[in-house]
Amino acid sequence: MIGHQDRWQEELFVAGPLSALIPENHILKRVDKVLDLRWLRREVEDLYCTRNGRPSIDPESAVRLMLAGFFEGIVHDRKLMRQAQVNLAIRWFAGYKLHETLPDHSSLTRIRQRWGAERFLKIFQRTVRACIEAGLVDGETVHIDATLIRANVSWESLSTEHAEKVLKENQEQSEPEALDEEKRPKRGRPRTKPKAPKKLSKTDPEATLATSSRDFHLEPSYKQHTTVDDKAGVVVDVAVTTGQANEGQQLMEQVERVEAATGQRVKTVTADAAYAHSRNYAALEERGTQAVIPPQRHNTKPKHLPLCRFKYDGRHQWVRCPGGKVLTRRGYNQKLGGYYYQSQAKDCRGCRLRARCFGVKAKVRKVFINNGYEALLRARRERARWGPETARQYQRHRWLVEGRQGEAKTQHGLSRAVRWGLENVAIQAYLTAAVMNLKRLAAALSLLFRFLRRTEDPPRRKSVPLGDFSTSAGISDFLSLRCA
């Protein structure tokens, strides 16, 4: 017998709670058991007037709407609110009933502008703290990497710095005497070619041109610096800079922020060759942290004799060239952080390696030694002696931190910035990292409950709390039992 369904008959009343219409294994329903935002109202109450004005959107409901959008991969506010109109799970997760009117999409924009990136950073830090209490983070081994986020601008918005250059030249011409006293002539060989003008985006000036590969063209981008804990893949630190920022210079700051968040001393740091700076090796070596960072490879076809052919003596502060001559220290470069070493003209005049050592126009050989160069030499020798455990740690780095970055881009919309400005991109990165941490926290809690249902008696099973982080101790004990 063929059934018949009356699709046009509307019901005035719905029998049962709204949560009954949402599957138990839905991601928002699982995350609701571990998400606690009761502290948020006290955090932002100083931004609102207590006497005048209309009541604002509940802060917890606003954040829940944003998080629900990132869980579904919806990063645009208009699309999120259209989806919330028909999606019962989003409406229930944000705390709105079927008959209640949802806020306008512009309200979420104003909330981000009013709160600033600092409040959203605290939301992410709360998820890190919850994962620590649940035993998902130990803080001993961390994996660090950076990735580019394409800015939300078009190629037509790019222009050169012509206007800024003209204004600067006019200012120099109008105040010649004051500038002549302060400005000193630059030392070294004069520039023969003019500097190429930098390109800026008129739409988003804070986005800078960068690329992740030499074979790929430059794009206006931001750069996200991510730190992932080794135990369960929890993102413990996120920072956003312009695309031109050097990720190697951010390493020690990331390690310090991780230690402040976890309260544990980092014992092992893994990163790729982009972080293989001598100062990073020296700083990690000084603090007793193992650096699983492969040094950059030497140039296989150098134009002149490379620096690796020269022997450096840090105790006596001199460099010996392949011909057996000594190069002495001559000057310090504050910007690069190191010393120049130079040979004598009489030593290089009759050297048999002169043609291979430097060009025809030069008279002496100069080399530059960065601060911490000895630590870099020790790291190169250590790289040749990597054992199975060290190789395993670096292999975990490749799929843990790079996997989290791929997850953020493919599942949560972080491949492209949604809004303009460094602060807005940082808010997007913080919420994305918070969503990924909540997913892992909810998965650990679900795994614990499945384990308890199989092992415990029915009366004790009913007494397990579900509302907040009160089950974190049980998660920690369960994970330690699984690891053992």
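The values are calculated or read from the model by the stated rules, or taken from the named source; none is laboratory data. Being a predicted model, the structure only gives us computed values, none of them experimental. Using ideal geometry, Cβ is built from the backbone for each residue, glycine included, and neighbour counts are taken over all protein chains shown.
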* Asked: Is the range 362-377 home to any residue that is aliphatic (A, V, I, L, M), within 24 Å of ASP145 (Cα to Cα), surrounded by fewer than 16 Cβ atoms within 10 Å (Cβ to Cβ) and in the same structural domain as VAL228 (by TED's automatic domain parsing)?
  -> no
* Criterion: in a helix (DSSP H, G or I) and closer than 30 Å to ARG265 by Cα - qualifying residue of ILE132, ILE90, ILE111 -> ILE132
* Structure fact -> By residue number, the members of the range 259-283 that are basic (Lys, Arg) and not in a helix (DSSP H, G or I) are ARG265, LYS267
* Look at TYR341 and say whether it is outside any helix (DSSP H, G or I), surrounded by 12 or more Cβ atoms within 10 Å (Cβ to Cβ) and either at pLDDT 90 or above or in contact with a Gly (Cβ under 9 Å, 6 or more places away or on another chain) (or both). => yes
* Asked: Of all residues in the range 284-319, which are surrounded by fewer than 18 Cβ atoms within 10 Å (Cβ to Cβ) and assigned to a helix (DSSP H, G or I)?
  -> GLU285, GLU286, LEU307, CYS308, ARG309
* From the list ALA94, ALA117, ALA146, ALA151, which one is under 22 Å from LEU35 (Cα atoms), among the hydrophobic types (A, V, I, L, M, F, W, C) and crowded, with 20+ Cβ neighbours inside 10 Å? -> ALA94
* Residues of the range 390-413 satisfying the condition of being over 17 Å from VAL236 (Cβ atoms), polar (S, T, N, Q) and in contact (Cβ under 8 Å) with a residue 24 or more places away in the chain -> THR390, GLN411
* Asked: Here are some residues: ARG41, ARG51, ARG30. Which one is more than 14 Å from ALA434 (Cα to Cα) and either of a type in the set (Asp, Glu) or assigned to a loop (DSSP other than H, G, I, E, B) (or both)?
  -> ARG51
* So, in the range 203-245, of the ones that are among the basic types (Lys, Arg) and in contact (Cβ under 8 Å) with a residue 12 or more places away in the chain, which residue ends up farthest from VAL418 (Cα to Cα)? -> LYS231
* To do: Could you please let me know if THR268 is in the same structural domain as GLU140 (by TED's automatic domain parsing) and either within 18 Å of the chain's Cα centre (by Cα) or of a type in the set (Ser, Thr, Tyr) (or both)?
  => yes
* Number of positions in the range 209-249 that are in a strand (DSSP E or B), in contact with a Gly (Cβ under 9 Å, 6 or more places away or on another chain) and modelled with pLDDT under 95 -> 5
